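*Asks:* Have a look at this one.
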Ligand code: IFM
């Protein structure tokens, strides 16, 4: 068994993290354009102004994708590049950029997977209240309509939002990402509700204006839970803990079910409605219906998870990581089982085909004396994770996997200090070098993961 014959082997990026060309060519500004320029926000003062200069080098980058043998490429559109004010006038130069990107991908037989929102809230809309303004539901809908009208003749797969947990939580609750706000908890629940309504509206618009049948999904994130042993008790604890909610209200966005239950099951989780009662906006039946506008597949970004078990006292508990537990350069734990258990639990609950929309790691990659980039840690990590994904694919419907990331890029508040790519980027010269892991991934794709 293992991966299906037409399994989608891909890699992912996002607009601000790679494109550069943040000024000119008719692009408007977004919150990251502004935030990165303010001192103290980004490590070493980096900005996305040039990033990987993908805006000018996308043809070269697609050649490299071809060399890796990617079947699919997940990228995002910068809302403010195509609609400089967020609504209204269209920037045809921005449209042309994405249009050419899509054509070039198709010419190379790489299927485009387009994400509408990977965190670039147009600054003009931010000034009008952004996610707090109920009008954003229609603004986002109009943006989705434009995307459907211009690209759905060639693009068949769409994601609405990437990681609402992060852009609401880090951006507006913890203030570590743009726009760097620590809003009252109540406001963040209101925002989250608009975010979900905007998702629903975008699904409607994509469907209504698509020029061919399209597949629409969503790409939330979250840390998974996996059981310490295969006993039914531990498995049940892992299942429950994966979908449970944060009692720490200043970190409430970091969960799976608040963001996915309403989309896939049509209602917010009961536990949350009680726990967060004091903070909730009015939620109407009409809202619930809009949020639950049917989608075709479930995307999930998965990087790591927590090992859990039924404790001696009969209470669920997290298993402490041992001293020296493996971790990536960015300090995230290496927990391959999260891909097996995460996929299984998500499929059981949401009953939709699954795509792993992001997974990967940052390493301290350098160019060696032989001019190559040797990244055995990335190969080892991916081998372990994909082995677990293959086990899951034996049991549940997994359609695809997008490695994060195609190339080293701007890692938000960490600037260029973290390298997540299969392709090394020398930011001084914009030279690209395929890392050893890119060649390894090429073999995995060619053999459809046979040896994993
Ligand atoms: O780089 C980010 C991406 O933008 C969203 N998901 C996690 C990645 C690694 O931190």
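Every number here is computed from the coordinates shown, using simple stated rules; none is lab data. As the structure is a computational prediction, the values presented were derived from the model and not from experiment. In this analysis, Cβ positions are derived from the backbone assuming ideal geometry, glycine residues included, and neighbour counts consider all displayed protein chains.
*Asks:* Please give the FRET efficiency for residue 204 paired with residue 313, using the beta carbon to beta carbon distance and R0 = 45 Å, rounded to the nearest 0.05.
*Replies:* Numbers: r = 48 Å, r/R0 = 1.08.
Calculated value: 0.40.
*Asks:* Nearest-5 percent of antiparallel DSSP beta bridges in the chain?
*Replies:* 20 percent
*Asks:* Test of understanding: what is the full-extension gain from residue 181 to residue 249, defined as 0.36 nm times their sequence separation minus their Cα-Cα distance?
*Replies:* 22.9 nm
*Asks:* Oh, and also: How would you classify segment 337-452 from its alpha-carbon gyration tensor, with a ≥ b ≥ c the square roots of the eigenvalues: rounded for a/c under 1.5, else prolate if a/b is greater than b/c, otherwise oblate?
*Replies:* Because a/c hits 1.5 or more and a/b exceeds b/c, segment 337-452 counts as prolate.
*Asks:* Once label points are set 7 Å from the Cα along Cα→Cβ at both residue 50 and residue 153, what is their separation, rounded to one decimal in nm?
*Replies:* Between residue 50 and residue 153, the simple spin-label model gives 3.7 nm.
*Asks:* Listing 243, 189 from the residue with the fewest other Cβ atoms within 10 Å to the one with the most, what is the order?
*Replies:* Result, fewest neighbours first: 243, 189.
*Asks:* I would also like to ask the following. Let me check against my output: what whole-number percent is the relative contact order of segment 115-225, with C-alpha pairs under 8 Å and at least 6 apart?
*Replies:* So the answer I get is 40 percent.
*Asks:* Please report the relative contact order for segment 360-452, taking Cα pairs under 8 Å with a sequence separation of at least 6, and give it as a percent rounded to a whole number.
*Replies:* On the way: 116 pairs, mean separation 29.6, N = 93.
After rounding, I find 32 percent.
*Asks:* Round to the nearest 0.05 the FRET efficiency obtained for residue 322 and residue 132 when R0 = 60 Å and r is the Cβ-Cβ distance.
*Replies:* Here the calculated transfer efficiency is 0.85.
*Asks:* Now, a different point. Sorting 447, 247 on the 10 Å Cβ count, fewest up front, what's the list?
*Replies:* So the residues, fewest neighbours to most, are 247, 447.
*Asks:* Scale the Cα Rg of the chain by the rule-of-thumb value 2.2 N^0.38 Å and send over the ratio, two decimals.
*Replies:* 0.93
*Asks:* What distance in nm separates the simple spin-label points at residue 430 and residue 109, each placed 7 Å from Cα in the Cβ direction?
*Replies:* Roughly 2.9 nm, to one decimal.
*Asks:* Please list 259-266, 420-427, 353-360 highest first by mean number of surrounding beta-carbon atoms within 10 Å per residue.
*Replies:* Ranked by mean Cβ neighbours within 10 Å, highest first: 353-360, 420-427, 259-266.
*Asks:* Run the simple label-point estimate for residue 4 and residue 142 please: 7 Å along Cα→C-beta, distance reported in nm.
*Replies:* 3.8 nm
*Asks:* Here's another thing I want to ask about it. Could you grab the relative contact order for the chain? Cα pairs under 8 Å, six or more apart, rounded to a whole percent.
*Replies:* On the way: 959 pairs, mean separation 81.2, N = 452.
Worked out over the chain, it gives 18 percent.
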